[in-house]
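Take a look at the structure below.
The values are calculated or read from the model by the stated rules, or taken from the named source; none is laboratory data. All of these numbers come straight from a predicted model, not from anything done at the bench. Neighbour counts are summed over all protein chains in view; Cβ atoms, including those assigned to glycine, are modelled from backbone coordinates with ideal geometry. For the accessible areas, the whole protein counts, side chains as well, though only heavy atoms, and no ligand, DNA or RNA atoms are used. Shrake-Rupley method; radii C 1.70, N 1.55, O 1.52, S 1.80 Å.
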Amino acid sequence: MSSPRADDDTEMDTHDLKLSIPETSAGGRSSGDSPESGVSTPRYSEHQSGSKRLRTDGSEEDSGGPHPDDEPGTSAGLLLVTPAEVTQLTMRTKAACSELADVIVRLTRESTWTESKEADAKRKKELCDQLRTIQRRLDRAEPTPALERLRAFVRFAFEKASPATKVTDLLDDELELVLGYVALALKSPKQLMALSTLSKRFRTLVRRPAVWKELDLSQHRAYMTDSLLLRQIVRNDGAFSNLKVANFNGCTRVTDTAIRRVLSISGKTLTHLSLEGCALVTTELVRYASTACPNLRVLDLTECANVDTSAVLKLADEEWPFLKELHVMDTKSLSGRVPQAEFNELVLLLTDRRKRWVDEQHAETARKERLPPGAGAVG
């Protein structure tokens, strides 16, 4: 039984709703085998281009502009490439690779970072992007001997453009930074200076002041002498002019002469000086250090039996305003048998230092109490 026909102005468009009324056979049964047979799905044409599908009404699913890869001879859906298109891709590849080779040569010759090197690095990235685009297009084409040779050419260009990074590829300032970390990790100046045998460049870089922030000779204390220190390590090239820490712990064969030479080079920047166990060090070296190292914050004279304890305490009060730590255990007046006069003098010095320290603490406490609430808060 057919349904009544609706008026023209209210007639339902079954095509727009993707529904169709099934035809009824003479037996009253629908021609479909199931209720779903009356539902029609959107129809697509057999033609496809890449990921795009064309509807029967001609509208595209993707309304955007052409993809940069959908150029003649490079479409994702193209399987065969004509000789003309191969020639076009070959010319583009050779032009990009030729310019890339020139850029790589210029970048290799530049040892410092300049504006021209920055421009070359930017251009290298652009050329590599062009080659990646060509490589993607080649991968979407049906393999042929000509295209396989072109793919191999592109792969070779990428290998040359992105080689494994070597130490020699670093700039001088970058390599100085690396060597500085190596010096701190090794704590052995002799091992680091052994790198000078690699090349002239390393021979120069290991003697740069930026590499040496700390001189630690404690690992070589068993055989370190004045001659070895002055001839093979310190020299006269100013390599230790920016030194912050000097550690001579246990160097029992090093005298005032060698240490004075180190202090004359790095004294202005030195903040930590450790002479623990240096049995040959005398009070004269400490007097020299009081003028050569005005920024000293830590001084360790433990087991320096030839250093006068009282003289050191006086120098610490008069010459080192920034000194925070002073170690004088087992110095001349604090080890073995001490004359009564020296002992009495040391007691007076220590008592006076104690009294001054207590007065400073009281003054600091009173100053904080006079401040209004919240005046000392940060931020």
Checking the conditions here, which among 287, 253, 261 is farther than 25 Å from residue 222 by Cβ and open to solvent by 40 Å² or more (accessible area, probe 1.4 Å)? 287
Within region 231-259, track down each residue that is over 36 Å from the mean Cα position of the chain (by Cα) and not in a loop (DSSP other than H, G, I, E, B). 256, 257, 258
If you take the residues in region 105-150 that are of a type in the set (Asp, Glu) and under 20 Å from residue 170 (Cβ atoms), which one is surrounded by the fewest Cβ atoms within 10 Å (Cβ to Cβ)? 115
Suppose the filter is open to solvent by 60 Å² or more (accessible area, probe 1.4 Å) and closer than 22 Å to residue 224 by Cβ; does residue 276 pass it? yes
Across region 303-327, the tally of residues that are in a loop (DSSP other than H, G, I, E, B), more than 17 Å from residue 357 (Cα to Cα) and open to solvent by less than 20 Å² (accessible area, probe 1.4 Å) stands at 2
Checking the condition touching a His at 6+ places or on another chain (Cβ under 7 Å), closer than 27 Å to residue 348 by Cα, open to solvent by 10 Å² or more (accessible area, probe 1.4 Å) and touching a residue at least 12 places away in the same chain (Cβ under 8 Å), which residue from 330, 300 passes? 300
Given (1) over 37 Å from the mean Cα position of the chain (by Cα); (2) at positive phi; (3) not hydroxyl-bearing (Ser, Thr, Tyr), index of the condition residue 287 fails: (2)
Name the helices (runs of 4 or more DSSP H) wholly within region 108-216 that hold at least 1 residues that are under 26 Å from residue 82 (Cβ atoms)? 115-139, 145-161
Is there a residue in region 175-194 that is aliphatic (A, V, I, L, M), under 30 Å from residue 97 (Cβ atoms) and either loosely packed, with under 15 Cβ neighbours inside 10 Å or touching a Ser or Thr at 6+ places or on another chain (Cβ under 7 Å) (or both)? no
Given 64, 73, which one is modelled with pLDDT under 80, in a loop (DSSP other than H, G, I, E, B) and either surrounded by fewer than 11 Cβ atoms within 10 Å (Cβ to Cβ) or of a type in the set (A, V, I, L, M) (or both)? 64
